[in-house]
Every structure is written in C-alpha cells, then in structure tokens.
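Reading through the structure tokens given below for one structure.
The values are calculated or read from the model by the stated rules, or taken from the named source; none is laboratory data. Remember, it's a predicted structure, so these values are computed and weren't measured experimentally. So basically every Cβ, Gly included, is an ideal-geometry build from the backbone, and we count neighbours across all protein chains shown. When the accessible area is computed, the model is the full protein with side chains, heavy atoms only, and any ligands, DNA or RNA have been set aside. Shrake-Rupley method; radii C 1.70, N 1.55, O 1.52, S 1.80 Å.
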Amino acid sequence: MRMNRFPNNSRVVFIGDSITAANITLPYVIHAYKPQYPDSKIRFFNCGVAGGTSAFALTSYEADILRYKPTHAVISFGINDSNRDLLSKPRSAERDSLLLNAYEGYKVNMYNLVKRLQADGVQITLLTPAPYDEYSDTAIPAFRGGFALMQGYAEYVRNLARETGVEVIDIHSTVSRIIQTDPVISADRIHPTNHGYFVLARVILAAQGIDVGEEAPVPEYFSRWHSYVARLRKVLAAECMIVNDFDLPTEEKMCLMRTRVKNEDWIQPVFESFIRHYVNDKPNEAELYRMIDISYDEDIF
C-alpha cells in the first residue's frame, strides 16, 4: 500500500513495545526525512515501552501519548499481548482458552486505542506485528506454533485497518519473506538485529515512497536525544512490567522500588536495570520529557 508522507509540522508518535522503545528504527526514519524534506519541521516522539501491550498503552494514554499533542500515530503491538509463553506448555483446553482470551483482549484494546486516537483527531498508521521466527536455527528453543500465533494477530490488524479506515503497513508479511534469506531477527526469535531495525525503517519509509538510503550506523547527532529517550522509556518499562499499577501514587511506587533495590529483589535479573533506573529517574520524569524536547530542537531540527 502506498501512503502519503507525514505532512509538514506533524507531531508523530511511534507507539509500541520494546522493538519501538529500542529507538533504533525511529532515528533511521527521522534521518531519511531530514535531508529529503528539510523544511518539514516534523517532530517524532518515541512512545515505545519494553514489555508494553495495547492494554498498557490505553492505561498510560494521557500521561505518555496525548501529552505530545500528536497529529499522527504509528502503532505496533502484538507479541507481548499474545501471552506466547503459554506455547511452552502442553496443549490443553485450558491453555487454548487462555491464548484465545489474550487474543480477544488484544482485539478490544487495539480497537479502543484506535478509536481513542481518532476521537482526539490523530491520523493513524497501523503496523502488523513482526513475525515470531519459529524456524531459524538458534540456541533458544522455539515455541511451536509461535509463527502461526503472530500470523493471526497480524491478520486482525489488517482487518482493524479496514474496519476503522486507517492506513496499515504489513510488516509481518514483508519480514516473513525477508527472513528466508536475510537474518533480520535476533536469536531470541522476537527482536530485530541491528540490521533488522534498519530493514523495519526501510519498509515503513518505502510505504510512503521515501528512500532510506544506504545502511549505516545511526548518526551521532542522535546520541543526546537517544540517551534521554532511553532513560525515560526505562521508567515506563518499570511501570509496565514491575510496578503493575500505573495509577498508584508516585510515593508508593517509589517506596516499592526502593525496597526492591535495598533487598536486591529483582524477580528476574533483567529487571535490575529497570528498577535501578526507576529509582534514579522517576523523580526526574518531567525533566526527562523536557530534555527530550530540548535535545530534539538543538540536535535534530
């Protein structure tokens, strides 16, 4: 599907999970726009959250999406919504029921997110979720049925786009073809490789008729903006995966997380970084939002 580019003076939010939060694809998109449309004055914002789901996007909608006053939104969810870990269990009526419940919840949440954005006057582009790489030979065992699971989620996104009249870029179909010959998904079978993030940018931009150019590292002028974005997204990831109660008063959240740091109560080792960053940066959340704007103005505009 060929779409128009984002118009001048747009405010574009990229909403999604850890693939968005990594903030690698978005700089490639910005870097392609900048020389080709130097006077466009488009502002791009990263609203990705590691561990994020469509449900969490609705929960944090006003605090972390609407605050940017977006005119356009690019949305990608699915892999975390799918409750894919259930595929590691033997097939049973209970397991299948839980998978179906996750899918039905995803459909409701995605529909509500689209309609909420539309009610606020935001133009939407949906991205079908990237495929689960079930068939590559990696050290991490694959969930049997993982590819088919995400195929179903991608099909719903296509249907949702038709139902609500929004644009859709079919990441799932395109990347499913690419992975046959090009290793764009990492060994965990979910996240892109560094090359894969560039490929995602290429697919998104190609749908708008924009050439991403030759593959190269993300330019250095993004570094300050990227560092502030990364710190803020870790705060939101901790809210999503560890606090698990977005509406809890901030002081109660801080008490909870300080206790975890004191007791080295990480639950999972991967959460240590999120918890420590939360304790350090949650009190500075408003300043991080401000510095994201300043660094974008000074380094990217």
When (1) closer than 20 Å to Met291 by Cα; (2) open to solvent by less than 10 Å² (accessible area, probe 1.4 Å); (3) more than 15 Å from the chain's Cα centre (by Cα) are applied to Tyr33, the one that fails is (1)
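Test Pro183 against the stated conditions and say whether it is touching a residue at least 24 places away in the same chain (Cβ under 8 Å) and open to solvent by 30 Å² or more (accessible area, probe 1.4 Å).
Details: touching a residue at least 24 places away in the same chain (Cβ under 8 Å): yes; open to solvent by 30 Å² or more (accessible area, probe 1.4 Å): yes.
Taking the combined requirement at face value, the residue satisfies it.
Could you go through segment 158-166 and let me know if any residue there is farther than 24 Å from Ala22 by Cα and among the β-branched types (Val, Ile, Thr). Give the steps one after another, and end with the answer.
From segment 158-166, those farther than 24 Å from Ala22 by Cα are 158-166; that's our starting set.
Cutting the leftovers down to among the β-branched types (Val, Ile, Thr) gives us 164, 166.
Yes, segment 158-166 contains at least one residue that is farther than 24 Å from Ala22 by Cα and among the β-branched types (Val, Ile, Thr).
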Restricted to segment 205-236 and to residues being among the hydroxyl-bearing types (Ser, Thr, Tyr) and farther than 21 Å from Asp64 by Cβ, the residue surrounded by the fewest Cβ atoms within 10 Å (Cβ to Cβ) is Ser223
Those residues of segment 65-85 which are touching a Lys or Arg at 6+ places or on another chain (Cβ under 8 Å) and surrounded by fewer than 19 Cβ atoms within 10 Å (Cβ to Cβ) amount to Lys69, Thr71
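Would you check if there is a residue in segment 81-100 being in contact (Cβ under 8 Å) with a residue 24 or more places away in the chain, over 27 Å from Trp225 (Cβ atoms) and part of a loop (DSSP other than H, G, I, E, B)?
Pass one, segment 81-100, residues in contact (Cβ under 8 Å) with a residue 24 or more places away in the chain: 81-82, 84-85, 87-88, 99.
Now restrict to residues that are over 27 Å from Trp225 (Cβ atoms): 81-82, 84-85, 87-88, 99.
Okay, now just the ones that are also part of a loop (DSSP other than H, G, I, E, B), so 81-82.
Taking every residue of segment 81-100 in turn, at least one turns out to be in contact (Cβ under 8 Å) with a residue 24 or more places away in the chain, over 27 Å from Trp225 (Cβ atoms) and part of a loop (DSSP other than H, G, I, E, B).
Among the residues of segment 102-121, is there at least one that is aromatic (Phe, Trp, Tyr) and assigned to a loop (DSSP other than H, G, I, E, B)?
Start the filter on segment 102-121 by keeping residues that are aromatic (Phe, Trp, Tyr), which leaves 103, 106, 111.
Filter again for assigned to a loop (DSSP other than H, G, I, E, B), leaving none.
Taking every residue of segment 102-121 in turn, none turns out to be aromatic (Phe, Trp, Tyr) and assigned to a loop (DSSP other than H, G, I, E, B).
Quickly run through segment 28-45 and pick out the residues that are assigned to a helix (DSSP H, G or I) and among the polar types (S, T, N, Q). Give the steps one after another, and end with the answer.
In the first step, residues of segment 28-45 are kept if they are assigned to a helix (DSSP H, G or I); the result is 28-36.
Scanning segment 28-45 gives a single hit, Gln36.
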Filter segment 53-77 for residues that are among the small types (Gly, Ala, Ser) and touching a strand residue (DSSP E or B) at 6+ places or on another chain (Cβ under 9 Å); the one that is nearest to Pro129 (Cα to Cα) is Ser76
**OP:** Determine if segment 159-178 includes at least one residue that is surrounded by 20 or more Cβ atoms within 10 Å (Cβ to Cβ) and of a type in the set (Asp, Glu).
**Re:** no
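If you check Ala237 against the conditions, is it part of a helix (DSSP H, G or I), touching a residue at least 12 places away in the same chain (Cβ under 8 Å), at negative phi and in contact with a helix residue (DSSP H, G or I) (Cβ under 7 Å, 6 or more places away or on another chain)?
On the way: part of a helix (DSSP H, G or I): yes; touching a residue at least 12 places away in the same chain (Cβ under 8 Å): yes; at negative phi: yes; in contact with a helix residue (DSSP H, G or I) (Cβ under 7 Å, 6 or more places away or on another chain): yes.
Taking the combined requirement at face value, the residue satisfies it.
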Those residues of segment 123-170 which are among the aliphatic types (A, V, I, L, M), in a loop (DSSP other than H, G, I, E, B) and touching a residue at least 60 places away in the same chain (Cβ under 8 Å) amount to Ala130
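Okay, residues lined up against (1) within 18 Å of Ser186 (Cβ to Cβ); (2) among the small types (Gly, Ala, Ser); (3) touching a strand residue (DSSP E or B) at 6+ places or on another chain (Cβ under 7 Å); (4) open to solvent by less than 60 Å² (accessible area, probe 1.4 Å):
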residue	(1), (2), (3), (4)
Glu94	no, no, no, no
Leu99	no, no, no, yes
Gly105	no, yes, no, yes
Val114	no, no, yes, yes
Leu126	no, no, yes, yes
Tyr135	yes, no, no, no
From the option list Arg260, Arg231, single residue qualifying as part of a helix (DSSP H, G or I), touching a His at 6+ places or on another chain (Cβ under 7 Å) and either at pLDDT 95 or above or not β-branched (Val, Ile, Thr) (or both) is Arg231
